[in-house]
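Asks: Structure provided below as structure tokens; questions to follow.
The values are calculated or read from the model by the stated rules, or taken from the named source; none is laboratory data. Fair warning: this is a prediction, and the values are worked out from it, not measured in the lab. Note: ideal-geometry Cβ built from the backbone for every residue, glycine included; neighbour counts use all protein chains shown. Accessible surface is based on the protein model in full, side chains and every heavy atom, while ligands, DNA and RNA are left aside. Shrake-Rupley method; radii C 1.70, N 1.55, O 1.52, S 1.80 Å.
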2 protein chains.
Amino acid sequence: MSLTFRLDATDAAARAGTITTPHGDIRTPAFMPVGTQATVKGLTPEMVRDAGAQILLGNTYHLALRPGDELVRDMGGLHRFMNWSGPILTDSGGYQVFSLAGQRTVTDHGATFKSHLDGSPLELTPERAVDIQQNLGSDIAMVLDECPPADAPPGVVRNAVRRSLLWAERCKSHHTRPDQSLFAIVQGGLNVELRAESAGPLVALDFPGYALGGFSVGESPEAMHAVLPACAALLPAHKPRYLMGVGRPQDLLAGVAAGIDMFDCVMPTRSGRNALAFTSTGSVKLRNARHRRDPAPLDVQCGCYCCANYSRAYLHHLFAAEEMLGPTLLSLHNLAFYLKLMADARTAITAGGFEQFKNETLVKFSPTSPDSTTS
Amino acid sequence: MSLTFRLDATDAAARAGTITTPHGDIRTPAFMPVGTQATVKGLTPEMVRDAGAQILLGNTYHLALRPGDELVRDMGGLHRFMNWSGPILTDSGGYQVFSLAGQRTVTDHGATFKSHLDGSPLELTPERAVDIQQNLGSDIAMVLDECPPADAPPGVVRNAVRRSLLWAERCKSHHTRPDQSLFAIVQGGLNVELRAESAGPLVALDFPGYALGGFSVGESPEAMHAVLPACAALLPAHKPRYLMGVGRPQDLLAGVAAGIDMFDCVMPTRSGRNALAFTSTGSVKLRNARHRRDPAPLDVQCGCYCCANYSRAYLHHLFAAEEMLGPTLLSLHNLAFYLKLMADARTAITAGGFEQFKNETLVKFSPTSPDSTTS
């Protein structure tokens, strides 16, 4: 068994667990920083680790296009290539085909599309998605799924459920790498009945972990929050549950409350590159002139490298001067913030106080909080 | 006395010394990484320190314009602002006024010019140059000088010598900060007689250190190398000698051979951002397709973080994918290369074998070396 999951504590639906992988353990709930192109943008692996990351996410679509999954395999696999010795999860490439690629055609066989890099024609089938991920050598691979946008007609969502099951079966049949675990993905949009139709046969196939796909694809956060508890409850309690591509801090807390164990999102690093910080008193825009002479750290409650060593004035200067260190420091801080949020959530779950922790934390992110999104 | 210099060893004209400053010692010959805008581009201070840096250079012109020297002072000085606890040298801003600023007018009073950032009118006098550097709080400040280009007519160079002396006197009179040492700058271009005319009265003024300015301003490296020994010999033997803005590894070795102790140049970091690496077997262009599948480190003889952890294939990928980590890793390696070159030179001087070390090293940078500038 290449992956195990242990439930360490539960608090209502919220869970604290431990996932063991060939590259180390992951305490859940866990946030996975996104290393799309074999690097978490602007950070060394040591910075990511020191910020508290236990597992990274790599993007199958991007890595297959460049530098190529066979090249990564020949260089010793993704861990060695990017110098990250901890666990790695790779997505299946499906989401990127649907969001990035040009002129795509999807049939039950797979997706044909044009590369967003050079327009060259490519094909992604369930078998190819597995081959790529086996070449990358991630600890956790994902099945290829069809991920419709939030405004897709019911028939499209229903067909995506059908096709994603078909593809999951083919991925499972094709998957051979014993040191890699393949997770299934449940689709069905905001329709809990469709989610149940998707989850039922996938659960019967006995995957070692399950993800909820098709969220954060254009629906309102409230709509997602409303169905998350019912959707999470469709997944086996003794296996890891992963909410793909989500989200804001408040979305992570809603996910944890619903019983989700794993999250990934580009938001902390992308926001960091754009001078937007997440802090314990709300979001902060470092380009704002009010920070120009502020000697205080970004977040007095944060112990990360950025907050321990630099002032808001310095961060403001770095962004004004368009210096690379600005995006680096703010990406690092935002990751540390997300990772501490999950660590604190785990502590609260273990102590049986998650609901109170969640409510107290959400107040800080409310639009009426003095710092929130206005500074 | 805020600065002392001790000669630890000499080998012909080459010197190994120790400069003590309020923020620590500097073993010479020393290379100073350039942190123009209060950051060595793309690197944390810890990365710069771990690469072997003992002292950084900050740019008075840039910092006075943005974020402003009074702001830096109010934030606790440049060391605190940028989180660098070691020694810092600041230039006087003269070179940038002559190379970057628009529509400048220079009189004996000072230089009036337009900011390269927003075109706003500004003035740099000897007194203002000192005030700025006292606000920044560097360990070593430089006098304001006039730095003509290599193709300047003899009359312009002669006038720059006269004016630079005038300005040096005014800087010295204006300078009050006891924990900061003010170095003089000798001008005179490639004319050793003019250099002697410049050095004589400056030496009589008894500055704690002396720089050669007006090199690397468009002349050929050979022309500079030819006059360096005579120019260095004009400077007091018991004080630090600094060759400003120089240069390539071979230029540093020529400088050390001539008796220079300190160097600065943007070349290692600028080249690094442009995928050009300095290695023990010559320069290497990481964008070249020959590195795409190369699992070897950039430089097998280098122990830096980049070479210890990453392949040429990964570095090639980072530049192909335009990932920030590429410039970061290559800047770090290039700095480590420059800093090790100076550390190795010091070892060779102490052992009495600098000439042999220099000749063996220069062979590796010759255009006929297999890797040099072609890979």
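Asks: Counting only residues that are in a loop (DSSP other than H, G, I, E, B) and open to solvent by 10 Å² or more (accessible area, probe 1.4 Å), which one in the stretch B:322-341 is farthest from the other protein chains (Cβ to nearest Cβ)?
Replies: My answer is B:E322.
Asks: Here's another thing I want to ask about it. Would you check if B:V130 is assigned to a helix (DSSP H, G or I), of a type in the set (V, I, T) and either open to solvent by 50 Å² or more (accessible area, probe 1.4 Å) or within 18 Å of B:R66 (Cβ to Cβ) (or both)?
Replies: no
Asks: Of the conditions (1) in contact with a Ser or Thr (Cβ under 8 Å, 6 or more places away or on another chain); (2) modelled with pLDDT of 95 or more, A:G77 fails just one. Which one is it?
Replies: Result: A:G77 passes all but (1).
Asks: Still on this structure, please answer the following. Looking at A:R346 and the list (1) within 14 Å of chain B (Cβ to nearest Cβ); (2) at negative phi, which single condition is not satisfied?
Replies: With respect to (1) within 14 Å of chain B (Cβ to nearest Cβ); (2) at negative phi, A:R346 is out only on (1).
Asks: Of the residues in the stretch A:259-287, how many are part of a helix (DSSP H, G or I) and surrounded by 24 or more Cβ atoms within 10 Å (Cβ to Cβ)? Break it down into steps so the answer makes sense when it comes.
Replies: First, pick out the residues of the stretch A:259-287 that are part of a helix (DSSP H, G or I): A:267-273.
Next cut, surrounded by 24 or more Cβ atoms within 10 Å (Cβ to Cβ) only: A:268-269, A:272.
Residues meeting the conditions: 3.
Asks: Please go through the stretch A:12-53 and pick out each residue that is closer than 22 Å to A:A351 by Cα, surrounded by 22 or more Cβ atoms within 10 Å (Cβ to Cβ) and of a type outside the set (A, V, I, L, M).
Replies: A:R15, A:G17, A:T28, A:P29, A:F31
Asks: Right, another one. State all residues of the stretch A:288-321 that are open to solvent by less than 20 Å² (accessible area, probe 1.4 Å) and over 28 Å from B:Y61 (Cβ atoms); if no residue qualifies, say none.
Replies: Those that are open to solvent by less than 20 Å² (accessible area, probe 1.4 Å) and over 28 Å from B:Y61 (Cβ atoms): A:L298, A:D299, A:C304, A:C307.
Asks: A follow-up question, please. Any residue in the stretch A:275-288 that is in contact (Cβ under 8 Å) with a residue 12 or more places away in the chain and within 14 Å of chain B (Cβ to nearest Cβ)?
Replies: yes
Asks: Please go through (1) surrounded by 20 or more Cβ atoms within 10 Å (Cβ to Cβ); (2) touching an Asp or Glu at 6+ places or on another chain (Cβ under 8 Å); (3) assigned to a loop (DSSP other than H, G, I, E, B) for B:G352 and return the number of the only condition it doesn't satisfy.
Replies: It is condition (1) that B:G352 fails.
Asks: Kindly indicate whether A:A204 is open to solvent by 20 Å² or more (accessible area, probe 1.4 Å) and aliphatic (A, V, I, L, M).
Replies: Here the answer is yes, as A:A204 does meet what is asked.
Asks: Further question: If you take the residues in the stretch B:62-76 that are open to solvent by 10 Å² or more (accessible area, probe 1.4 Å) and touching a residue at least 12 places away in the same chain (Cβ under 8 Å), which one is nearest to the other protein chains (Cβ to nearest Cβ)?
Replies: Of everything passing the filter in the stretch B:62-76, B:P67 is nearest to the other protein chains (Cβ to nearest Cβ).
Asks: Can we say A:L56 is free of Cβ contacts under 8 Å to residues at least 60 places away in the same chain, crowded, with 22+ Cβ neighbours inside 10 Å, touching a Pro at 6+ places or on another chain (Cβ under 6 Å) and away from chain B (no Cβ under 14 Å)?
Replies: When the stated conditions are applied, A:L56 does not pass them.
Asks: Something else: Can you pull out every residue in the stretch A:85-99 that is open to solvent by 10 Å² or more (accessible area, probe 1.4 Å) and either within 14 Å of chain B (Cβ to nearest Cβ) or among the hydroxyl-bearing types (S, T, Y) (or both)?
Replies: A:S85, A:Y95, A:S99
Asks: Just to check your reading of the model, which residue among A:L117, A:L194, A:L144, A:L124 is among the aliphatic types (A, V, I, L, M), farther than 30 Å from A:A223 by Cα, touching a helix residue (DSSP H, G or I) at 6+ places or on another chain (Cβ under 6 Å) and open to solvent by less than 40 Å² (accessible area, probe 1.4 Å)?
Replies: Sole residue among the options that is among the aliphatic types (A, V, I, L, M), farther than 30 Å from A:A223 by Cα, touching a helix residue (DSSP H, G or I) at 6+ places or on another chain (Cβ under 6 Å) and open to solvent by less than 40 Å² (accessible area, probe 1.4 Å): A:L124.
Asks: What tally of residues in the stretch B:288-304 results from selecting those that are of a type outside the set (D, E, K, R), out of contact with any helix residue (DSSP H, G or I) (no Cβ under 6 Å at 6 or more places or on another chain) and not in a loop (DSSP other than H, G, I, E, B)?
Replies: 1
Asks: Within the set of pairs 6+ apart or on separate chains, which have a first residue in the stretch B:148-166 that is polar (S, T, N, Q), a second that is in a helix (DSSP H, G or I), and C-beta atoms under 7 Å apart?
Replies: B:S164/B:S198
Asks: Hey, among the residues in the stretch A:154-169 that are of a type in the set (K, R) and open to solvent by 60 Å² or more (accessible area, probe 1.4 Å), which one's farthest from A:V203 (Cα to Cα)?
Replies: A:R158
Asks: When the stretch A:290-321 is examined, which residues are found to be touching a residue at least 24 places away in the same chain (Cβ under 8 Å), under 14 Å from A:A51 (Cβ atoms) and at the interface with chain B (Cβ under 9 Å from one of its Cβ atoms)?
Replies: Matches in the stretch A:290-321: A:Y305 only.
Asks: Taking A:T107 as meeting all but one of (1) farther than 20 Å from A:V266 by Cα; (2) within 14 Å of chain B (Cβ to nearest Cβ), write down the number of the exception.
Replies: (2)
Asks: List, please: which pairs have Cβ atoms under 9 Å, are six or more places apart or on different chains, and start with a residue in the stretch A:167-192 that is touching a residue at least 60 places away in the same chain (Cβ under 8 Å) and part of a strand (DSSP E or B) and end with one that is open to solvent by 40 Å² or more (accessible area, probe 1.4 Å) and of a type in the set (S, T, Y)?
Replies: Every condition considered, no pair remains.
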